[in-house]
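Engineer: Sharing a structure below in structure tokens format, with a few things to ask.
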């Protein structure tokens, strides 16, 4: 991948809009952030404010990461639960009018995957699946430098994979889906039931560290669910590297030593030694970095 | 894809070795078949007998499909259960010595997928997942003309995907794996338990057609398992088309009308209308046809 001008990446989240400008050598020259407003028109003004100075010396297309669901064919937001005011907003059209550059819109898990693949934990890998475990579970898959978006832009929607015949009911998800059993939200509910507290995954890990039996049992069940979903992804795609990100991975020092052997138990014996699971490296900048690469990435 | 010479494809199975020669325009000029011998050296002699006359006017590389597991990096058979005498046989080396042309070795599900993609049910699709449901369950995934083989050649080993927390134990497979719950073998076992007969899936479908309550219940459970695995594949890869092959699909007229709505129920509502599930078209020739394309197909 050869580049001559600076690249701009934008990451729109439920709480903040982030933007960065990255030199052709991969060095991030500047990173800015602003609170996400309720009104998308105001949001577009803020985006112009963040990146305006960078426009003259940057590439003709700007990558933008945002939470799904989105209509990528038309460049519009659909109904992302944590961006209420933005539902139906024709982002790409408005962006191109307001900013005067082309826009490549992509969902945030895919953008983060692209970031980790080209500049993070998957930098040395030919193929990679990035899995984000936070309130939900999503994935982005990069194969030989190409982003797997899927025929209806729904590749990597792994949170809805069925890993069990039973589980809590969650609107819009299958019974026994990976997300309903293993996401941060799922664990938070279990912690609420057990301890009547809102501490979520971090509280669970703290109690595990203290050696509390009930917490350890819940933790092991959770690791089993996490491992089942990862094993499923491996049996479909067999990526060289699995990169794990998302808020839950703040507890990676407790999670990974339990999770890696649990995944190995659930794949063919001939594959177990090749399993390579790594924590994400780019943290909260993965979306911005990945977005900046989007105009250079082929889609599958 | 432009070709000038004839292509040869070979498909080694547990009961027969098939070979075909295909003109640049896609027309199959000849197809020959011989019983698979126990001894692979004898098998190689038979292969030479099948294709010898075709060699002078054919391409320099010949594609060969065979049952896994295989070591594709070294071109050897590992321990395929229905090719006992062939375990450990260095097929590619022996082939190139004996036949005098290069050999591209691939597992049979991937080869059949390539055949269906370029010349069968997926001919018009940009991306396709081919799923074979017979004694086991396997898949081959073709994305934008590229075969997804995976980092350890284990992409598409979907039979080991976990779709349930419980199920019968089967050596080498996860508890609750797709194959242990939904393969032809799994159904055969259930039919044996219920009716003390060896009629398998065909018997089940016959009893369903007669309106037998117990059979209909088992059928619906089976369709649910089949649908769960297909939905999982869709949520990872989101292919434009799903093609179903394998012996079990002889019952496609009963299976598909139940299976398609069951898959639609298990994917995101926004995807349901786009679900496109088709029966395979190439039948027993899929392996030969697919093998003949292998030298022209990039791998992911």
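Engineer: As a test of the formula, what do you get for the protein assembly as shown when each DSSP H run with n ≥ 4 contributes -39,500 (n - 2.57) and the sum is divided by the residue count, at 222 nm and rounded to the nearest 500 deg cm²/dmol?
Structural biologist: -11000 deg cm²/dmol
Engineer: Normalised by the number of residues in the range A:7-107, what is the relative contact order in percent for Cα pairs under 8 Å and 6+ residues apart?
Structural biologist: Computed value for the range A:7-107: 26 percent relative contact order.
Engineer: If you average the alpha carbon positions of the range A:116-175 and of the range A:32-84, how far apart do those two centres end up, in angstrom?
Structural biologist: A separation of 22 Å, based on Cα centres.
Engineer: Tell me, B:300, A:78 in order of fewest to most beta-carbon neighbours within 10 Å?
Structural biologist: A:78, B:300
Engineer: Determine, for B:178, B:54, B:222, the number of other Cβ atoms within 10 Å of each Cβ, and report the residues in order from fewest to most.
Structural biologist: B:54, B:222, B:178
Engineer: Could I ask something else about it? Expressed in nm to one decimal, what extension gain is obtained for the pair residue B:96 and residue B:30 from 0.36 nm per residue of sequence separation less their Cα-Cα distance?
Structural biologist: 21.5 nm
Engineer: Another one. Could you work out the relative contact order of the range B:123-281, using alpha carbon pairs under 8 angstrom and six or more residues apart, expressed as a whole percent?
Structural biologist: Averaging sequence separation for qualifying contacts and normalising by length gives 23 percent for the range B:123-281.
Engineer: So, one more: One quarter of the convex hull surface, Cα atoms only: what value does that give for the range A:15-91 in nm²?
Structural biologist: That works out to 5.5 nm².
Engineer: Right, next: Which FRET efficiency, nearest 0.05, do residue B:202 and residue A:56 yield, Cβ-Cβ r, R0 56 Å?
Structural biologist: Working from the Cβ atoms, E equals 0.20.
Engineer: Separate question: Treating the angle as unsigned and between 0 and 90°, give the value, to the nearest 10°, between the Cα long axis of helix A:252-265 and the longest Cα principal axis of chain A.
Structural biologist: On a 0 to 90 degree scale, this one is about 70.
Engineer: Averaged over its residues, how many other protein chain Cβ atoms are within 10 Å of peptide A:233-246's Cβ atoms?
Structural biologist: Average per residue, whole number: 5.
Engineer: Between B:216, B:234, B:187, which gets the highest mean-square fluctuation from a Gaussian network model of chain B, Cα cutoff 10 Å?
Structural biologist: B:216
Engineer: Over chain B, with a Gaussian network built from C-alpha contacts below 10 Å, which listed residue (B:226, B:72, B:29) shows the highest mean-square fluctuation?
Structural biologist: B:29
Engineer: Taking the Cα-to-Cβ direction at residue B:252 and at residue A:87 and moving 7 Å from each Cα, how far apart do the two end points lie in nm?
Structural biologist: About 4.1 nm separates the two model spin labels.
Engineer: How far, in degrees from 0 to 90, does helix A:213-237 lean away from the longest principal axis of the Cα atoms of chain A, to the nearest 10?
Structural biologist: 60
Engineer: If contacts are Cα pairs under 8 angstrom and at least 6 residues apart, what is the relative contact order of chain A in percent?
Structural biologist: Computed value for chain A: 21 percent relative contact order.
Engineer: Could I ask something else about it? With everything on Cα atoms, drop me the angle between helix A:108-119 and the longest principal axis of chain A, reported from 0 to 90° to the nearest 10.
Structural biologist: Taking Cα atoms only, the helix is inclined about 80 degrees.
Engineer: Mind telling me which of A:106, A:166, A:59 comes out most flexible in a GNM of chain A, alpha-carbon contacts under 10 Å?
Structural biologist: The residue that fluctuates most here is A:166.
The numbers here are math on the coordinates, done by the rules we state, and not lab data. This structure is a prediction, so every number in the text was calculated from the model and none was measured. Methodologically, a virtual Cβ is constructed for each residue, glycine included, from the backbone with ideal geometry; neighbour enumeration extends over all protein chains shown.
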